[in-house]
Amino acid sequence: MFKFIHLTDTHVIGGDDLLFGANPRRRLELAVESIATEHADAAFVVITGDLTHWGDQTAYNAFYDRINGLPMPYYLMMGNHDDMGVMNQAFNKMEFDEYGYLQQKLETPVGPFILTDTKAPKGHHGEYCEKRLDWLNKTLSSLKLPGLLFMHHPPFDVGIASLDRIRNRDGEKLLPVLERHRDKIRHMLFGHVHRVISGNWHGFSFSFMRGLNHQCRLDLDGDDRIIRGDLTEPAYGVVLVDDQQIISHVHNFTNTSPKFDLHDLVGGDSRAHALNMRHDDWQDID
Ligand SMILES: [Fe+2]
C-alpha cells in the first residue's frame with residue numbers, strides 16, 4: 001500500500017528553552033530519526049501546521065535544521081501559531097495558490113492530496129475566506145480521481161469547549177463546497193487539537209493526530225477560556241492508502257514500555273509464557 005506520514009503541531013521554539021516543560025526540538029529530532037529508520041519507505045511527510053510556537057525566525061531555523069534530516073520529501077501547512085512571511089524566509093520551496101495562501105495539490109499514485117491553509121489573519125481560531133473557498137472549489141472540480149483533504153483547523157466542534165472556540169469558524173461556508181464535491185473527498189486529516197480523534201462529519205470520515213510537544217486533555221466539561229494540556233507521549237500517523245481503503249495508525253515513537261510476543265499463532269497459545277513473563281525495571285499501574 002502507498003504509505004505516507006502525518007506529522008503535526010511540532011511547536012518548535014528557538015534557543016535552548018523548554019516549552020511547557022518539554023523540548024520540542026529534541027522531540028522533532030526523535031520523530032525524524034524514527035521516520036528515517038522505521039518508515040523510510042514512506043513516500044513523504046505532511047506536516048499539518050503549528051510548525052513553531054511563536055512563529056519567529058529562530059524557531060523556523062531550528063525546525064528547518066531538523067526536518068531536513070528526513071530522507072523523503074515533506075510538505076508544510078500553516079497553523080494558527082505560524083507566520084507565513086517568516087516561514088517563507090526559512091524555506092525556499094513553499095508553493096502558494098493564486099491568492100498567496102499556502103495551499104497546494106499533490107499528485108500521488110493513490111490520487112490527489114489537497115493541502116489547505118485555514119489560518120485566520122488574527123487570533124488562534126481558523127477561517128476559510130472566499131478566496132480560499134474559490135481555490136478549493138476549482139481544485140476539487142478539476143480532480144479526475146478522489147483524494148485526501150488536509151486542514152489544520154477542523155470546521156466542526158470536537159466537544160472540548162476551548163478547542164471548539166478556536167475551530168475553523170467558516171465550517172458552514174465550507175460544507176456546501178465539500179458536499180458539492182463529495183465524490184472527490186475520501187478522507188480528511190487535521191492537526192490543531194493535539195489529540196487522536198476519528199469520526200465522521202456529514203459523511204466525511206476524518207482523523208486527527210497527536211502533537212509532538214504538548215497534548216490537550218479530554219476536557220469535555222471544561223469552559224471555553226482555558227485549554228487544558230498534558231505531556232502524554234508524542235505520536236505521528238502512519239497512513240496506508242490504496243484504492244480500497246485508508247488505514248491511519250498512531251505511532252507512539254518514544255514509547256519505552258516493555259516489548260514482547262503475545263503468543264505463537266502457529267505453535268499455539270502458551271499459558272505459562274503469559275503468566276511467567278516479568279519485566280525488569282517496569283512497574284504495573286497501581
Ligand atoms: Fe497546535
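Here, each number is a calculation from the coordinates, and none is a lab measurement. Keep in mind it's a predicted model, so treat the numbers as computed, not measured. Every residue, glycine as well, gets a Cβ built from its backbone with ideal geometry; the counts of neighbours run over all protein chains shown.
What the table below lists for this structure:
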item	result
Checking Thr37 against (1) within 16 Å of the ligand (Cβ to nearest atom); (2) of a type in the set (Val, Ile, Thr); (3) loosely packed, with under 15 Cβ neighbours inside 10 Å, the condition it does not meet	(1)
Matching residues, region 159-181, being surrounded by fewer than 20 Cβ atoms within 10 Å (Cβ to Cβ) and either over 20 Å from Gly222 (Cβ atoms) or of a type in the set (Val, Ile, Thr) (or both)	Ile166, Gly171, Glu172, Lys173, Leu175, Pro176, Val177, Glu179, Arg180, His181
Lone qualifier among Tyr64, Tyr60 - being more than 29 Å from Gln245 (Cα to Cα), of a type outside the set (A, V, I, L, M) and within 16 Å of the ligand (Cβ to nearest atom)	Tyr60
Qualifying positions in region 79-115 - charged (D, E, K, R), over 13 Å from Thr52 (Cβ atoms) and out of contact with any helix residue (DSSP H, G or I) (no Cβ under 7 Å at 6 or more places or on another chain)	Lys93, Glu95, Glu107
Subset of region 68-81 (residues that are more than 16 Å from the ligand (Cβ to nearest atom), touching a strand residue (DSSP E or B) at 6+ places or on another chain (Cβ under 9 Å) and either under 14 Å from His11 (Cβ atoms) or not hydroxyl-bearing (Ser, Thr, Tyr) (or both))	Asn68, Leu70, Met72, Pro73
Selection count, region 165-174, where residues are assigned to a helix (DSSP H, G or I) and either over 26 Å from Leu76 (Cβ atoms) or within 15 Å of the ligand (Cβ to nearest atom) (or both)	2
Filtered residues of region 177-203 (kept if assigned to a loop (DSSP other than H, G, I, E, B) and among the basic types (Lys, Arg))	Arg195
Residue list for region 190-213, restricted to those being crowded, with 23+ Cβ neighbours inside 10 Å and either at negative phi or among the aliphatic types (A, V, I, L, M) (or both)	Phe190, Gly191, Val193, Phe208, Met209, Arg210, Gly211, Leu212, Asn213
Selection from region 50-76 of residues that are more than 20 Å from Gly191 (Cβ to Cβ) and touching a residue at least 12 places away in the same chain (Cβ under 8 Å)	Gln57, Thr58, Asn61, Gly69, Pro71
Every residue from region 97-136 that is touching a Leu at 6+ places or on another chain (Cβ under 6 Å) and not aromatic (Phe, Trp, Tyr)	Gln104, Gly111, Pro112, Ile114, Asp117
Number of the condition not met by Pro121 [criteria: (1) without any contact (Cβ under 8 Å) to a residue 12 or more places away in the chain; (2) in contact with a helix residue (DSSP H, G or I) (Cβ under 9 Å, 6 or more places away or on another chain); (3) over 20 Å from Arg225 (Cβ atoms)]	(2)
Leading residue by the ranking (surrounded by the most Cβ atoms within 10 Å (Cβ to Cβ)) among those in region 85-122 that are part of a helix (DSSP H, G or I) and more than 16 Å from the ligand (Cβ to nearest atom)	Ala90
